[in-house]
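Trainee: Next up is a structure, given as structure tokens.
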Amino acid sequence: MSRRPENSDERSPKWDAREVGCSALLNGYAWSLQHRARVHATSVDKDDGPFVCIGCNMDVIHRRPYHIRRHFAHHARVSPIDTSRESWLHHRCKTEIFYALQDAHPRGNWICDTRRVIRRRKDDKINRQPDIGGRIGRQPLVIEVQRSSIGIRQLLARTADYTAMGITILWVIPLTEDLGTDLFRPRLIERYLHSLYYGRVYYWLPGMGASVLPTHFSPAVRAVPFRTNEDGHWNDAGFYNKPYKLIRRPNAYGGTIPIIFGFSPHERSAFLPWGETQPLPPARLWQDTLFPWWDKHERSKLLSSYPEVEGSDGDDFDDQFDD
């Protein structure tokens, strides 16, 4: 497996497209808001910006690294996770949840792995030590704390392995600070978890103990400038709103919910999230018992307000939550 690039200037266009979920920049073209024209990365500089992706309407930046040809890359605010290799946040999240679970449910036989152990047994099956494991009643439960280093393949493999053993799984993403309500771009793993848990991701902040904050990714729009051609002359004609394909607005639940009392086991069949390349396996989820706090038809209502762009870019999550 290739090393995941840590410096943004090291990221190739293909890595950027795979992580973001949009391949429109691979041909080297983007839209220049300054020149109101489609431009190629090799023919412009960063001073010719700002630039916008033609495929997903996201802001893009112009890069000219020394070992890769000039190219455009998607650019947007992302969730504030701890990206250090030895994450203090990952360790604190595990230990804080573990001790809170022990206090709230001491008969759960809880275990906490401060150092992950992965061994291959003689029968070629992986023997994984979960971040946190225990029982609620007769229900075995593992809690996996997402780390920046984990890839989609690992997420899929662990989910499939625990499900095959009849163990429910809860994925938690620790943050260094509150995500807030400003627009952001969900990371690849956040998009998968959002689809897996029917339109929500479970975030955790220091001090939450054995509780999490469910957050939905609501669609958003951006103002796009346009021009009119009158007698061969292009004139600025204002802006129109166009839904983003990948940018979302965080829509958090009204408060945190306890992992023990606010959840129940749920079986989910395998499916392929919209716009992704790898299907999610059958999963036995530790799922919250909340009714959706967002409008389940928010995207269709949004697109109905802008019929000129309906069907132009699709959506990645909302159509999967009707069940």
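Trainee: Out of the residues in segment 18-29 meeting the condition of being within 14 Å of residue 76 (Cβ to Cβ) and outside any loop (DSSP other than H, G, I, E, B), tell me which one is modelled with the highest pLDDT. Write out each step before concluding.
Mentor: Of the residues in segment 18-29, the ones within 14 Å of residue 76 (Cβ to Cβ) are 19-22, 25.
Going one step further and asking which of them are outside any loop (DSSP other than H, G, I, E, B), we end up with 19-20.
Numbers: 19: 78, 20: 82.
Here the residue is 20.
Residues checked against (1) among the aromatic types (Phe, Trp, Tyr); (2) under 21 Å from the mean Cα position of the chain (by Cα); (3) modelled with pLDDT under 70; (4) not in a loop (DSSP other than H, G, I, E, B):
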| position | (1), (2), (3), (4) |
| --- | --- |
| 122 | no, no, yes, no |
| 127 | no, no, yes, yes |
| 156 | no, yes, no, yes |
| 161 | no, no, no, yes |
| 170 | no, yes, no, yes |
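Trainee: In the set 92, 70, which member is surrounded by 14 or more Cβ atoms within 10 Å (Cβ to Cβ), under 23 Å from residue 132 (Cα atoms) and at pLDDT 85 or above? Don't jump to the end; show me each part of the working.
Mentor: On the way: 70 fails: under 23 Å from residue 132 (Cα atoms).
Unique residue meeting the criteria: 92.
Trainee: What tally of residues in segment 253-285 results from selecting those that are under 29 Å from residue 105 (Cβ atoms), under 19 Å from the mean Cα position of the chain (by Cα) and of a type in the set (Phe, Trp, Tyr)?
Mentor: Residues that pass the stated criteria total 1.
Trainee: How many residues are small (Gly, Ala, Ser) and either surrounded by fewer than 20 Cβ atoms within 10 Å (Cβ to Cβ) or under 16 Å from residue 18 (Cβ atoms) (or both) if we restrict to segment 167-195? Don't jump to the end; show me each part of the working.
Mentor: Here is the first cut: in segment 167-195, the ones small (Gly, Ala, Ser) are 180, 195.
Okay, now just the ones that are also either surrounded by fewer than 20 Cβ atoms within 10 Å (Cβ to Cβ) or under 16 Å from residue 18 (Cβ atoms) (or both), so 180.
Going through segment 167-195 one residue at a time, the tally reaches 1.
Trainee: How about segment 137-153: which of its residues are assigned to a helix (DSSP H, G or I) and crowded, with 16+ Cβ neighbours inside 10 Å?
Mentor: Keep residues of segment 137-153 that are assigned to a helix (DSSP H, G or I), which gives 152-153.
Across segment 137-153, the qualifying residue is only 152.
Trainee: Between 61, 81, which is within 20 Å of residue 187 (Cβ to Cβ), part of a loop (DSSP other than H, G, I, E, B) and either more than 25 Å from the chain's Cα centre (by Cα) or not assigned by TED's automatic domain parsing to the domain that holds residue 143 (or both)?
Mentor: On inspection, the qualifying residue turns out to be 81.
The values are calculated or read from the model by the stated rules, or taken from the named source; none is laboratory data. Note that the structure is a prediction, hence the values are computed from the model and not measured. All Cβ positions, glycine included, derive from the backbone under ideal geometry; neighbour counts span all protein chains shown.
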